[in-house]
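Participant: Below you will find the structure I want to go over with you.
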Amino acid sequence: MSTNDRNAPAAAAPPGFDARRFKAMERAGFNRIAARYAEGAHLRTDLAAALLEAAALVPGQRVLDLASGPGLLARDAALRVAPGGTVLATDIAEGMLAEGARRCGEHADTPCFAAADAEHLCLADASVDRVLAGLALFIFPHPERALAEMQRVLVPGGRVALSVWGLRETVPLIHRAQDTIARLLPPPKVARPSVFQYGDADVLAATLEAAGFDDIDIRPCDFACHFIDAEAYWQAFLDLAGGAAEALGRLPEATQAGLRAAVTDDLAAHCCDDGRGGYLLPARTLIASARRPG
């Protein structure tokens, strides 16, 4: 990781940003897509494995998984901290948590699921050994508050492990759909922070340092997703997009159909030439691990 400009500030919220409306839209969106989000988890298997490795989980640890969604990361974490460990999966979208509880069933090593806001955790100080946050930091309206809460609930020496999308140009998996939306639709009424705001490793490191963490390690994790056609790609984007999916779902059906048809143009550079046909979309993420001092 480059050490240049380690004091680079995190991206500011966009003009007109309304944290309450943004959070409400995200909650509604992730409730809308809960089942399909879980079904698309196989596309991100490598990313989930890399994040769990960065967390260095061992049996007996107490783990908090923030923005857990349907608990896919929490479920695998629970297996790693058994026997004797616990995993609490939290999210503001109760539909996501219900989907996770349904899929996990009732077993001794199943995570506990609880609705919670990552910026206002109802947990005691120094009560967990690890905090996980997969593709979540950029979703929090006030990420500095969420990081302060992570710092507070971790035991001294405890670690946070998180993943974020890389720089925009390294994540065609996301930005190709965004290109289509920007080309055909006016700007959203609810301004949204960029999902790529922590894609620069220096910015991410500076953000973690400003929150009081040390021993920061940031590494890239690259993967690619194959889609049989443009329709499959568009649906996969919606199944990951939370608040954006909610906003798009409220559009007239004719407008939605126009977006589905138009995305083919933006995928032209990603035709799969290995015999499978369809499209192959790459994505870069960053995996960060950091320690609460003490």
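The values are calculated or read from the model by the stated rules, or taken from the named source; none is laboratory data. Predicted model, so just to flag it, every value in this text is computed and none were measured. As a convention, Cβ positions derive from the backbone with ideal geometry for all residues, glycine included, and neighbour counts pool all protein chains shown. Just so you know, the surface numbers come from the protein's heavy atoms only, side chains and all, with ligands and any DNA or RNA stripped out. Shrake-Rupley method; radii C 1.70, N 1.55, O 1.52, S 1.80 Å.
Participant: So E246 ticks every box in (1) part of a helix (DSSP H, G or I); (2) at pLDDT 95 or above but one. Which box is left unticked?
Facilitator: Against the list (1) part of a helix (DSSP H, G or I); (2) at pLDDT 95 or above, E246 comes up short only on (2).
Participant: Which of the residues belonging to the stretch 259-294 are touching a helix residue (DSSP H, G or I) at 6+ places or on another chain (Cβ under 9 Å) and closer than 28 Å to G158 by Cβ?
Facilitator: Scanning the stretch 259-294 gives R284, T285, L286, I287, A288, S289, A290, R292.
Participant: Is it the case, given these coordinates, that P187 is in a loop (DSSP other than H, G, I, E, B) and free of Cβ contacts under 8 Å to residues at least 12 places away in the same chain?
Facilitator: Considered against the rule, which asks whether it is in a loop (DSSP other than H, G, I, E, B) and free of Cβ contacts under 8 Å to residues at least 12 places away in the same chain, P187 comes out as yes.
Participant: Shifting gears a bit: Tell me whether the stretch 246-266 contains one or more residues that are within 26 Å of L162 (Cβ to Cβ) and either touching a residue at least 24 places away in the same chain (Cβ under 8 Å) or surrounded by fewer than 19 Cβ atoms within 10 Å (Cβ to Cβ) (or both).
Facilitator: Looking through the stretch 246-266, at least one residue is within 26 Å of L162 (Cβ to Cβ) and either touching a residue at least 24 places away in the same chain (Cβ under 8 Å) or surrounded by fewer than 19 Cβ atoms within 10 Å (Cβ to Cβ) (or both).
Participant: Now for a different question. Could you please tell me which pairs satisfy a Cβ distance under 6 Å, a separation of 6+ or placement on different chains, a first residue in the stretch 92-113 that is within 12 Å of G71 (Cβ to Cβ) and open to solvent by less than 20 Å² (accessible area, probe 1.4 Å), and a second residue that is modelled with pLDDT under 85 and of a type in the set (V, I, T)?
Facilitator: These pairs meet every condition: C104/T110.
Participant: So the check is Cβ under 6 Å with 6+ separation or different chains; which pairs have a first residue in the stretch 27-38 that's more than 19 Å from A232 (Cβ to Cβ) and a second one that's hydrophobic (A, V, I, L, M, F, W, C)?
Facilitator: Filtered contacts from the stretch 27-38: R27/I92; R27/A93; G29/A245; F30/A93; F30/M96; N31/A93; A34/M96.
Participant: Of everything in the stretch 270-291, what is touching a residue at least 60 places away in the same chain (Cβ under 8 Å) and open to solvent by 30 Å² or more (accessible area, probe 1.4 Å)? Give them in sequence order.
Facilitator: P282, R284, R291
Participant: Now a separate question. Can you report the number of residues in the stretch 152-189 which are open to solvent by 20 Å² or more (accessible area, probe 1.4 Å) and touching a helix residue (DSSP H, G or I) at 6+ places or on another chain (Cβ under 9 Å)?
Facilitator: Here the count works out to 12.
Participant: Scanning for something within 24 Å of H42 (Cβ to Cβ), part of a helix (DSSP H, G or I) and of a type in the set (V, I, T), does the stretch 255-273 turn up at least one residue?
Facilitator: Checked the stretch 255-273: at least one residue is within 24 Å of H42 (Cβ to Cβ), part of a helix (DSSP H, G or I) and of a type in the set (V, I, T).
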